[in-house]
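Worksheet: one structure, shown below.
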Amino acid sequence: MADGKKIQIIHAADADQHLGHLKKILDTFKEEDRIESYSTIPSDAVAQDAFNTIGKEDMLIMLLTNDILDKKPSIEAMMLDVKKRQPEARCAGVIIDNITYDPSFIAFPSSLEPVRTSEDMDAVWQGIAENLKKLFPKLVVPIVPPPPPPNDDTKTKPWWKKWLPYIFGVVALLAIFFTLKECFNPPATNEIIAKASVVAPRSVQGNCPHKFNFTGTIKVDGPMTVKYTWVKSNGTSDPVRAITFNAAGEKQVKTSWTLGSNYSGYQQLKIVSPKELLSNKAAFRLQCASPPTDYVYYEQWESVSAGTNGWVGPTASTSVGIRTTGGNPGRYLLSSRNAGGSMDIGISYGGSQIPKSFVEKRIKKLTFDLKLIYGNFDEVFFRVRYKNSTRNGWKIPVRVNTSYRNWRRYSVSFDPNWSDARARSAGWIQEPQSASFKNTMSEVYQPQIKISGNGNLRAGFDNLRLE
């Protein structure tokens, strides 16, 4: 038994999937005698005395999801009280959603990127498991050999002792044989060569976001398994991966990095095992083109005092709020639905900065950045209504790859003076009992970007403009 080491997990209702990953890891830890036990505590059931039994070798882990935000300050305060009472006890936070964490706590994953935004969550959880293994190593019980039998010279020497000179001679000959064999067939020495390069071009000036692709080469002198990761100039790194060589040779590994603002940096290929090794720095530079000056409306949600700046949810079950990091770049607008069901999420404008008459202002294009963060998405569309909330309007589907989970820019072009027939031929759909396309565009009520899907949904919006 692992000296009574225990782990307590604090979680909210929206963490079920990730709680399952963590419980699977800890079940393995119990089988390997790394810990004695673990338990889970829902965030809404954490009491003042919930952590009184935490010992100096125990750990508290809080799953940082959106639903824990209300309880997070009080839970962190109780965890800090544990640290005061038991300085050797460990407190940790697993960053599931884009939520800040107490810097005095251990943070997982090591990249500090939210788990939910990863394209390969299994790999992220594998990395978390490896980090936890370092904190809870296996208990090694030394094997003590039995004492040798007492030396009794009064006994008759066994028969084999007279053969000892011959045995030593045979051993010496075998040693010489294998030494010569190794000289002619030397084993792999774990010699590894690593190098990395940016897939051309290294310097880009143009529209953002832009994706840089990187290729690394790993060369070995014999059969082995090499574990590696990619290290970025901003201090983050990719999950550790493994590649197997059946013989001496070299293989290529690839990664990418998408950036939405001016940046100069590099990526390095890092060999983790069988020995640590860093490649050269694959340097690059991104110079984003200046934003257009001929737009009618442009919103980046970078103003701290403005909040959502008039943008609300399009349905009663949609929550809209600002996230301070993770945008394209900087701050962005998050739209989410935690209650499940089938109502759309998205954003709807209820302010006064967007002109009501797209005809008068000659607005002919909508552009926005979108990141589908979490959920099963069906369709994205742009919708305009006529005059007020009691009327229907027109909508057009936006061609979106609903399985893509990074920032991407989309646009819708139109002419507000189109006839109904011309609008339909361009893909617009007229809702029942709605005004004509031109009349609708002459008095637009709360333009919307809506997203349909099933269950819990989360999506981010940034760099929205009308021109």
Q. Filter the range 238-260 for residues that are aliphatic (A, V, I, L, M) and loosely packed, with under 12 Cβ neighbours inside 10 Å; which is farthest from the chain's Cα centre (by Cα)?
A. Ala247
**Q.** the range 277-306: number of residues that are among the polar types (S, T, N, Q) and modelled with pLDDT of 85 or more
**A.** 3
Q | Conditions (1) touching a residue at least 24 places away in the same chain (Cβ under 8 Å); (2) out of contact with any Asp or Glu (no Cβ under 8 Å at 6 or more places or on another chain); (3) under 22 Å from Ser342 (Cβ atoms); (4) surrounded by fewer than 18 Cβ atoms within 10 Å (Cβ to Cβ); number of the one not met by Asn417 | A | (3)
Q. Does Glu88 qualify as being surrounded by 15 or more Cβ atoms within 10 Å (Cβ to Cβ), at pLDDT below 90 and either of a type in the set (Asp, Glu) or in a helix (DSSP H, G or I) (or both)?
A. no
Q. Is one or more of the residues making up the range 122-140 more than 17 Å from Ile61 (Cβ to Cβ), at pLDDT below 80 and hydrophobic (A, V, I, L, M, F, W, C)?
A. yes
(Q) If the requirement is being at pLDDT 95 or above and either touching a Pro at 6+ places or on another chain (Cβ under 7 Å) or not small (Gly, Ala, Ser) (or both), which of these qualifies: Trp407, Trp394? (A) Trp394
Q. From the residues in the range 1-47 that are hydrophobic (A, V, I, L, M, F, W, C) and in contact with an Asp or Glu (Cβ under 8 Å, 6 or more places away or on another chain), which one is modelled with the lowest pLDDT?
A. Met1
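Say we look at the range 410-467 and pick out the residues that are basic (Lys, Arg) and farther than 19 Å from Asn309 by Cα; which of these is modelled with the lowest pLDDT?
So, considering only residues that are basic (Lys, Arg) and farther than 19 Å from Asn309 by Cα, the one modelled with the lowest pLDDT is Arg458.
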(Q) Residues to consider are Val400, Val380, Val384; find the one that is under 18 Å from Gln448 (Cβ atoms), among the β-branched types (Val, Ile, Thr) and touching a helix residue (DSSP H, G or I) at 6+ places or on another chain (Cβ under 7 Å). (A) Val384
Q.
Looking at (1) touching a strand residue (DSSP E or B) at 6+ places or on another chain (Cβ under 7 Å); (2) crowded, with 18+ Cβ neighbours inside 10 Å; (3) not in a loop (DSSP other than H, G, I, E, B), which one does Tyr101 not meet, given that it meets all the others?
A. (3)
Q) Limited to the range 119-136, what total is found for residues that are part of a loop (DSSP other than H, G, I, E, B) and either over 21 Å from Arg458 (Cβ atoms) or without any contact (Cβ under 8 Å) to a residue 24 or more places away in the chain (or both)? A) 1
Q: Report the residue count in the range 352-411 for those that are exposed (fewer than 15 other Cβ atoms within 10 Å of the Cβ), among the small types (Gly, Ala, Ser) and assigned to a strand (DSSP E or B).
A: 1
Q) Which one of these does Asn309 not meet: (1) on the phi > 0 side of the Ramachandran plot; (2) at pLDDT below 90? A) (2)
(Q) I'd like to check something: does the range 48-63 contain any residue that is modelled with pLDDT of 90 or more and within 21 Å of Asn456 (Cβ to Cβ)? (A) yes
Q.
Of all residues being β-branched (Val, Ile, Thr) and under 26 Å from the mean Cα position of the chain (by Cα) in the range 295-327, which is nearest to Trp407 (Cα to Cα)? Just the residue, please.
A. Thr325
Q: Tally the residues that are at pLDDT 90 or above and not polar (S, T, N, Q), restricting the search to the range 332-343.
A: 3
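Tell me, yes or no, whether the range 312-319 has at least one residue that is without any contact (Cβ under 8 Å) to a residue 24 or more places away in the chain and not in a strand (DSSP E or B).
no
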Q: Search the range 232-260 for residues that are without any contact (Cβ under 8 Å) to a residue 24 or more places away in the chain and farther than 21 Å from Gly330 by Cα and pair each with any residue that is surrounded by 12 or more Cβ atoms within 10 Å (Cβ to Cβ) and of a type outside the set (Val, Ile, Thr) when their beta-carbon atoms are under 7 Å apart and the residues are at least 6 apart or on different chains.
A: Ala242/Lys227; Asn246/Pro223
Q) Within the range 41-55, which residues are surrounded by fewer than 11 Cβ atoms within 10 Å (Cβ to Cβ) and in a helix (DSSP H, G or I)? A) Ala45
**Q.** Filtered residue count, the range 7-22, keeping only those that are in a strand (DSSP E or B) and either aliphatic (A, V, I, L, M) or under 17 Å from Gly375 (Cβ atoms) (or both)
**A.** 3
Q | Residue tally, condition surrounded by 18 or more Cβ atoms within 10 Å (Cβ to Cβ) and within 15 Å of Ala283 (Cα to Cα), over the range 212-237 | A | 5
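The values are calculated or read from the model by the stated rules, or taken from the named source; none is laboratory data. Source: prediction; values computed, not measured. No Cβ is skipped: glycine too gets one built from the backbone with ideal geometry, and neighbour counts run over all protein chains shown.
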